[in-house]
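Read the structure below first, then the notes.
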Amino acid sequence: MEDTTAILVDGSFYLKRAQRLFGSKTPEERADELMAYCSLHIKDGTKDRPRSLYRIFYYDCPPSDKFIFHPLKGNVDLKKSHAYKWHNDFFKALLGKRKVAIRLGRLAETGHGYTLKSSAVKKICAKKLSVDELQDSDFSIEMRQKGVDMKIGIDIVHLAYKRLATQIILVSGDSDFVPAAKLARREGIDFILDPMNSHIADDLLTHIDGLYSHWHDKRITSPAGLA
C-alpha cells in the first residue's frame, strides 16, 4: 500500500487560530492559506513520513441565519452580517479545491448569543471601564456546534479500519479525540497532531505519535507560499 496522509481540520479551531496567527483575510485568501498550510505537512515530511496526500477533510457548521439579541444593538439579523457572507464564500472557495471534502455539522438551536469578552470583564472589575463605555468590539458571539466532533471521530475510525491512509494529521487542540486517536494508533496509523502552537491537554499529548505545527512558516503569509 502506498503511504498516504489524510489531513483532518477542525474548522472552527483553524479559523480562530489563523485569524490570530496570520491576520484577517478574504474568504478566497483564507482558503488558499489553508491549502498552503496543509501542504506543508506533505512537503516538509521527513523520509520516514508519508508525502502523498489522500484527502483534506474540513469540518465546520454553516453560519447562523437567526436573529440574535445584542446588548448594545438589540436583535441582529445574522443573515445580513459580514460573517454570514464571509463563511459562505469561504465554503465555496474550499469546494473549488482539489482533494478537499467538507463535512458540515449543525448549530444548536439554543445556547448561543453575544457575550462579554474576558478582556472587557477584567477592565470592568478593575474599574477601568464602565458599562456605558462598552463598544461592539467588547462582545463576541458564541455558537454551539453539534455533530462536528462526532464526524471527525467517525472519519478517523473509518480511515484506520479501511486502511485508506497510513498517516492521519489532525489540526485541532481538542482532547475529545483521544479515544479515536488511540484506536487509530492501535491499527498502526501514524497519528500526528497540529495544534497550531496552542496549548494542548496532557492526555492528548500522551496518545499521539508526533506534534507538528507550521504556524511560524513564512510561506503561509507570502504570495509565493500560497501558490
Answer with one residue from Ile189, Ile169, Thr206: the one whose Cα lies farthest towards the positive end of the charge dipole of the range 126-225, charges on Cβ with Lys, Arg +1 and Asp, Glu -1.
-> Ile189
Using only the alpha carbons of the range 55-107, determine the length spanned along each of the three principal axes and report them from longest to shortest in whole angstroms.
-> 43, 18, 13
Projected area averaged over orientations for the chain, convex hull of C-alpha atoms, nm² | 14.1
In units of 2.2 N^0.38 Å, what is the alpha-carbon radius of gyration of the range 150-210?
-> 1.01
Sequence-distant aspartates and glutamates (8 or more away, or on other chains) whose Cα lies within less than 14 Å of Lys92 | Glu28, Glu29, Asp32, Asp60
Packing rank of 125-137, 147-159, 27-39, where each peptide gets the mean count of other beta carbons within 10 Å, highest leading | 27-39, 147-159, 125-137
With springs only between Cα atoms under 10 Å apart, run a GNM on the chain and tell me which of Tyr212, Tyr114, Tyr58 wobbles the most.
-> Tyr114
Might you report the magnitude of the Cβ-based charge dipole of the range 104-206 about its Cα centre, with Lys and Arg at +1 and Asp and Glu at -1, to the nearest 20 debye?
-> 160
Whichever lysines have a C-alpha closer than 20 Å to that of Lys127, once near sequence neighbours (fewer than 8 apart) are set aside | Lys117
Return the sequence-ordered ³J(HN,Hα) values of the range 66-77 in whole Hz as given by the Karplus equation 6.51 cos²θ - 1.76 cosθ + 1.60 applied to θ = phi - 60°, using x for Gly and Pro.
-> 8, 8, 10, 6, 10, x, 9, 10, x, 6, 10, 7
Arranged by the count of other C-beta atoms within 10 angstrom, fewest first, what order do Asp176, Asp10 take?
-> Asp176, Asp10
Of all DSSP beta bridges located in the chain, what percent are antiparallel, nearest 5?
-> 30
Dipole moment magnitude, nearest 20 debye, the chain about Cα centre, only Lys, Arg, Asp, Glu C-beta charged | 320
Can you give the Rg to Rh ratio for the range 81-210, taking only C-alpha atoms and Rh from Kirkwood?
-> 1.08
Amide proton proximity set for Lys25, modelled H, under 5 Å, gap of 5+ = none
Here the alpha-carbon Rg of the range 4-111 over 2.2 N^0.38 Å rounds to 1.25
For every helix of n ≥ 4 consecutive DSSP H residues, a contribution of -39,500 (n - 2.57) applies; sum these over the chain, divide by its total residues, and give [θ] at 222 nm rounded to the nearest 500 deg cm²/dmol.
-> -10500 deg cm²/dmol
Taking Lys80 as the anchor, which aspartates and glutamates have their alpha carbon closer than 13 Å to its alpha carbon, excluding any fewer than eight residues away along the same chain?
-> Asp65
Within the set Lys66/Lys122; Lys43/Lys99; Lys25/Lys85; Lys123/Lys146; Lys25/Lys97, which residue pairs have Cα atoms separated by over 24 Å?
-> Lys66/Lys122; Lys123/Lys146
With +1 on the Cβ of every Lys and Arg and -1 on the Cβ of every Asp and Glu, the dipole magnitude of the range 1-113 about its Cα centre, in debye rounded to the nearest 20, is 100
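FYI, it's all coordinate maths here, none of it is from the lab. Note that the structure is predicted; figures quoted are calculated from it, not measured. In this analysis, Cβ positions are derived from the backbone assuming ideal geometry, glycine residues included, and neighbour counts consider all displayed protein chains.
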